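Worksheet: the structure to be examined is printed underneath.
The values are calculated or read from the model by the stated rules, or taken from the named source; none is laboratory data. All values derive from a computational prediction rather than experimental measurement. Glycine also receives a Cβ, built like all others from the backbone with ideal geometry; neighbour counts cover every protein chain displayed.
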Amino acid sequence: MSLIGDVCLITGACGFLGQKIIQLLIEENELAEIRLLDLNINPKLMESLEAIRGQTKITKLEGDIRDIELLKKACQDVSLVIHTASLIDILGLVDKNEMTAVNVTGTQLLLETCLQKNVKYFIYTSTLEVAGPNKLGDSIINGNEDTPDSCCLRFTYSVTKQKAEQITLQTNGKRLHNGEQIVTCSLRPTYIYGEGSRFIRHHFDTAIRNGNVLKRTSKKEALVNPVYVGNVAWAHILSAKAMKDLHKAKQIGGHYFYISDDTPHMSYSDFNDVLLKPLGIIVPEKLVLPMPLLFFLAFVMEMLQFLLKPFVKYTPSMNRQLLTMLNTHFTFTYAKAQKAFGYTPRYRWTEAKTTTSEWLSSVLSERCELVKKMKTH
């Protein structure tokens, strides 16, 4: 099936993933219109899209996902919504109520608006973290959609994403205002990497400040399977097309799908090593401290955070759940997505690695130029 002539709304349009989805939508389809919804639309993004949009109209809609009037305007005459917008936080920097309001309430309001405005197809961008790992660090090796999710999620982010996903899937099949039924699904990508990743950029900046050394925080045996951002975007495109086929819609609607690719399975620290080594950054072979001691220090910092809460906001750079996530063997297969809507990675590991490394090299070049200018002045 094709998306030619459709009107598509992308929430979180200026985000890492949102931008890639828009790019592929333009490359693969002659949509009538793509609407970009975000708090602030980057002018440079609009310029870049203007250069490649062809006959597709690009409309920007700036505002909060909880603004009902904005949502009504955004969803008018839309056939497909791809909902990537969310607050991401695994350290406790964001207030819990704010995260719930954006991630859960925002999703619910958007879905309600879709029903009112006869939006036929809705794709929710979930996360692997709704599946765990649990606080015991139980391994999952090549898990799938039949593998039970963790019943004790500790990150507020994970909890809110899980609730939003449940609301999305429960909305599948509900009546639109015109009497038709909405088709909804959820995609659960593993750890997303690629050009523009703020997490990879954070690791890069941290290493530079530490004399080109990034401390190891993951055991080598704690394998995970990262996924390239282009492949996650591609999965969104393929699922959107498949939804328009009545037979495939029955296999997709009301279901979630894990999205991964052929990126080699390795620990988070070893993955950072692969990406950053070409830039002269070293990730040591051994953990910065023995794991029991790391957990103890994380516990102490969490207690300090709790005691200081009435007086000052203190957010430790590490917590026990984050340590658990970084040191749990946790991998998933994309077989169900392949069967349901024909997903296979569009970008191979060698290409994804090269593209990401080239982006990091450009970041390093910009940093060097900035340093030169500061010395000159």
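Is it fair to say residue 174 is at pLDDT below 95, charged (D, E, K, R) and surrounded by fewer than 21 Cβ atoms within 10 Å (Cβ to Cβ)?
No.
Out of 90, 141, 182, report the one residue that is touching a residue at least 12 places away in the same chain (Cβ under 8 Å) and more than 23 Å from residue 325 (Cα to Cα).
Going through 90, 141, 182 in turn, the sole match is 182.
Restricting to the range 4-27, name every residue that is among the polar types (S, T, N, Q) and in a helix (DSSP H, G or I).
Those that are among the polar types (S, T, N, Q) and in a helix (DSSP H, G or I): 19, 23.
For the range 28-64, which positions are assigned to a helix (DSSP H, G or I), over 16 Å from residue 15 (Cβ atoms) and in contact with a strand residue (DSSP E or B) (Cβ under 9 Å, 6 or more places away or on another chain)?
The answer is 50, and nothing else.
Per-residue answers, yes or no, for (1) assigned to a helix (DSSP H, G or I); (2) among the basic types (Lys, Arg); (3) touching a His at 6+ places or on another chain (Cβ under 8 Å); (4) closer than 29 Å to residue 137 by Cα:
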site	(1), (2), (3), (4)
306	yes, no, no, yes
317	no, no, no, yes
323	yes, no, no, yes
340	yes, no, yes, no
363	yes, no, no, no
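Is there a residue in the range 265-274 that is closer than 30 Å to residue 367 by Cβ, polar (S, T, N, Q), in contact with a Ser or Thr (Cβ under 7 Å, 6 or more places away or on another chain) and crowded, with 17+ Cβ neighbours inside 10 Å? Outline the logic, then answer.
Keep residues of the range 265-274 that are closer than 30 Å to residue 367 by Cβ, which gives 266-274.
Cutting the leftovers down to polar (S, T, N, Q) gives us 267, 269, 272.
Filter once more, so that each one left must be in contact with a Ser or Thr (Cβ under 7 Å, 6 or more places away or on another chain): 267, 269.
Narrowing the set further to residues that are crowded, with 17+ Cβ neighbours inside 10 Å leaves 267, 269.
The answer is yes; a qualifying residue exists.
Please work out which residue is surrounded by the most Cβ atoms within 10 Å (Cβ to Cβ), limiting yourself to the range 206-253 and to residues that are assigned to a helix (DSSP H, G or I) and basic (Lys, Arg).
241
Across the range 129-160, what is the number of residues that are assigned to a helix (DSSP H, G or I) and at pLDDT 95 or above?
Of the residues in that region, 1 qualify.
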